[in-house]
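Trainee: Handing you this structure, nothing more for now.
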Amino acid sequence: MSIEPPLNVMSGPALTAGTTILENFKGFGGCFNELGWKALQLVDDNARQTILSDLFSKDACAFNYCRLPIGANDYSEIWYSHNETAGDFAMADFSIARDRKYLIPFIEAARKLRGEDFILFASPWSPPTWMKFPQAHNYGTLVWEPEYRKAYADYFVRFVQAYSDVGIAIDAVHVQNEPNSDQKFPSCVWTGAKMRDFIRDDLGPAFRAAGLETEIWAGTIERGDFNAWAGTIFSDAEAAAYITGAGFQWAGKHAVQRTRQAFPDLPIIQTENECGDGANTWDHAHHVFDLIQHYVSNGTEAYVYWNMVLEPQGESTWGWQQNSMITIDPENLAVIYNPEFYVMKHFSAFVRPGAKVLATVGPMAANALAFRNLDGTTIFVIQNPSDAPRNVPLSLGEEAATFTLPARSINTIRF
C-alpha cells in the first residue's frame with residue numbers, strides 16, 4: 001500500500017529493517033521499590049488493580065523483566081538490610097521480614113497479572129552496615145577481609161533462598177548497584193577488579209555449593225570505562241565462568257558498544273532508566289526514547305524502567321525528585337499517566353519476549369528501532385524529534401507505506 005505525503009512535509013529515502021542484531025530480546029520492565037507500593041496504597045483496590053494491569057497485563061505494557069533491591073535503596077521508606085546483627089558471619093539472623101510489607105506484595109501482584117513469563121533480578125545498594133567501612137548504609141566500601149567476603153556471599157545465597165521459600169524465583173543477581181558511586185543514599189564502592197575477585201573467589205563458589213540456579217551478572221555498571229569494568233571482569237576466565245552477563249545504567253551506556261565488540265556472545269541488559277527531575281516532561285520522554293534506541297541497537301536484550309509509580313514530583317526519602325511512569329496525588333487521589341508511560345508502552349505493548357532486534361536502515365534509522373516477533377509481525381518504533389511534521393516512507397519486503405509523523409512524536413507501526 002502507499003500513502004501520498006502532503007506536499008509541505010519533509011520526506012526522504014525509505015526506512016526499512018535490515019539484518020538481525022539480536023536473536024532473542026527478553027523484554028521490558030521496571031523496578032519494584034517501596035515508595036511505589038506505598039503510593040499504590042493511596043487508591044482503592046479497583047484503582048490500584050487498574051494501574052497494575054496497565055503496567056503488567058499482556059494487553060497493556062506487559063512488563064516482564066523487572067528488578068528489586070536487596071535491602072534498602074534510595075526509594076525505600078527507611079534504610080535497612082536483611083541482617084544488621086554485627087558479627088553474624090553465620091547469617092543466623094538473616095530475614096526478609098520487611099519485604100513482606102512492600103516488595104513481596106508488589107511483586108506478587110505483578111506476577112499474577114503477567115503470568116509465568118516473568119524474569120526478576122535483584123541487586124544490593126549496600127551490604128549490611130557492619131560489613132562496611134565506615135559502618136553506614138551510605139558511602140563506604142565492603143570490608144575486604146576473607147570472613148566478610150564469605151559472609152556477604154552467603155548473604156546473597158540466603159536472599160535467593162528466602163525468596164524461593166515464599167514462592168518468588170530470583171532469576172539473577174547483580175553484585176552491586178552503581179559500584180563506582182559513593183552516594184549519600186545506600187551505596188558501596190567497588191572496583192572492577194574487586195567485583196571480579198568477589199565473583200570468582202566468593203559468590204560464584206557459594207552459589208555453586210548451594211546448588212542455586214540463579215544467575216550471577218556483573219552489574220549494575222554505571223561508568224563508561226570499558227577497561228576498568230567489563231574488560232577487567234570478563235577477561236578473567238575463572239571469574240567469567242560464573243557470570244552470565246553484564247548490566248549497565250546511566251554513564252555505563254558509553255561502555256555497551258565496546259563490551260559488545262569485545263564479547264559478542266555476552267548477554268547485556270540495561271538495568272535502570274535515567275530518572276529525570278520529577279517534572280515528567282515530554283522532553284525527557286524523548287530522552288528515554290534515545291536511551292532505548294542506544295541500548296537496544298547496540299545489542300542489549302532487556303530495558304528496565306526505574307520508578308513505575310510515585311507521588312507527584314517523585315521525592316525520595318532524602319529529597320531527590322525523580323520521574324515515574326505514573327503518579328498518584330495523595331491530596332485528590334488523581335492518577336496521572338506521565339509521558340514516559342506512553343514511551344515505554346510504545347515498545348512493551350507490541351514487542352514480545354523472544355523477538356529479534358533488526359537493524360534499521362535509512363536516514364531515520366538513528367531515530368527508530370525494529371523488532372520481529374515470533375508470530376512474524378514486524379514492529380517499528382520511530383520518533384520524530386523535530387519541531388515540524390515529517391513524512392517517513394517505510395518499506396518491508398514488498399510492502400510499503402508513507403507515514404506522516406507529527407512534530408515531537410513517538411510512533412509505533414506494525415507490519
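Trainee: Would you pull out the residues with amide H under 5 Å of Val392's amide H, same chain only if 5 or more places away, H placed 1.01 Å from N?
Mentor: Phe403, Thr404, Leu405
Trainee: Using only the alpha-carbon atoms, what does region 215-329 span along each of its principal axes? Please give whole angstrom values in decreasing order.
Mentor: Taking max minus min along each principal axis of the Cα atoms, region 215-329 gives 51, 28, 22 Å.
Trainee: Considering amide H positions built from the backbone, and no H for Pro or chain starts, which residues 5 or more places from Gln321, or on another chain, come under 5 Å of its amide H?
Mentor: Placed amide hydrogens put Ser316 under 5 Å from Gln321.
Trainee: Tell me whether region 177-240 comes out rounded, prolate or oblate; compute the Cα gyration tensor, take square roots of the eigenvalues as a ≥ b ≥ c, and use a/c under 1.5 as the rounded threshold.
Mentor: oblate
Trainee: May I pose another question? How much mean residue ellipticity at 222 nm does the chain get from its helices, if each DSSP H run of length 4 or more adds -39500 (n - 2.57) and you divide by all residues, to the nearest 500 deg cm²/dmol?
Mentor: Theoretical 222 nm ellipticity from helices: -8000 deg cm²/dmol.
Trainee: With the full set of protein chains in place, find how many percent of the accessible area of region 39-160 is carbon and sulfur; take the probe as 1.4 Å.
Mentor: Accessible surface attributable to carbon and sulfur in region 39-160 totals 50 percent.
Trainee: Keeping all protein chains in place, calculate the accessible area per residue for the chain (probe 1.4 angstrom), answer in Å².
Mentor: 39
Trainee: Further, regarding this structure: Going by a ≥ b ≥ c, the root eigenvalues of the Cα gyration tensor, does region 18-76 fall in the rounded group (a/c under 1.5), the prolate group (a/b larger than b/c) or the oblate group?
Mentor: Cα axes put region 18-76 in the oblate bin.
Trainee: What relative contact order, as a whole-number percentage, does region 85-153 give when Cα pairs under 8 Å and 6 or more residues apart are counted?
Mentor: Normalised by residue count, the contact order of region 85-153 is 29 percent.
Trainee: Whole-Hz Karplus ³J(HN,Hα) for region 228-238, in order, using 6.51 cos²θ - 1.76 cosθ + 1.60 and θ = phi - 60°, x for Gly and Pro?
Mentor: Those phi angles translate into 6, 10, 4, x, 5, 6, 7, 7, 8, 4, 5 Hz.
Trainee: Still on this model: Taking Lys150 as the anchor, which aspartates and glutamates have their alpha carbon closer than 13 Å to its alpha carbon, excluding any fewer than eight residues away along the same chain?
Mentor: Straight-line reach from Lys150, under 13 Å: Asp88, Asp197, Asp201, Asp202.
Trainee: Taking the chain as a Gaussian network, Cα atoms linked when under 10 Å apart, which of Ser235, Ser297, Ser324 shows the biggest mean-square fluctuation?
Mentor: The residue that fluctuates most here is Ser235.
Trainee: Students often forget the sequence filter, so: which lysines lie under 25 Å Cα-Cα from Lys38 once same-chain residues fewer than 8 apart are removed?
Mentor: Partners within reach: Lys58, Lys101, Lys112, Lys184, Lys345.
Trainee: Here's something else I'd like to know. Keeping the other protein chains in place, figure out the carbon and sulfur percent of the accessible area of region 274-367, with a 1.4 Å probe.
Mentor: Here it works out to 51 percent.
Trainee: Would you kindly work out the equivalent ellipsoid of region 5-113 from its C-alpha gyration tensor and give its semi-axes, the square roots of five times the eigenvalues, largest first in whole Å?
Mentor: Those come to 41, 21, 14 Å.
Trainee: Compare Lys194, Lys253 by solvent-accessible area with a 1.4 Å probe and give them largest first, with all protein chains kept in place.
Mentor: Lys194, Lys253
Trainee: Any idea of Lys356's accessible area? Nearest 10 Å², probe 1.4 Å.
Mentor: It works out to around 80 Å².
Trainee: How would you rank 392-405, 166-179, highest first, on the average number of other Cβ atoms within 10 Å across their residues?
Mentor: Highest-to-lowest ranking by the protection proxy: 166-179, 392-405.
The values are calculated or read from the model by the stated rules, or taken from the named source; none is laboratory data. Here the structure is a predicted model, which means the values were calculated and not measured. Because the Cβ atoms are built from the backbone with ideal geometry, glycine has one as well, and the counts that use them run over all protein chains shown. Note: accessible area is taken over every heavy atom of the protein model, side chains too, but ligands, DNA and RNA are not part of it. Shrake-Rupley method; radii C 1.70, N 1.55, O 1.52, S 1.80 Å.
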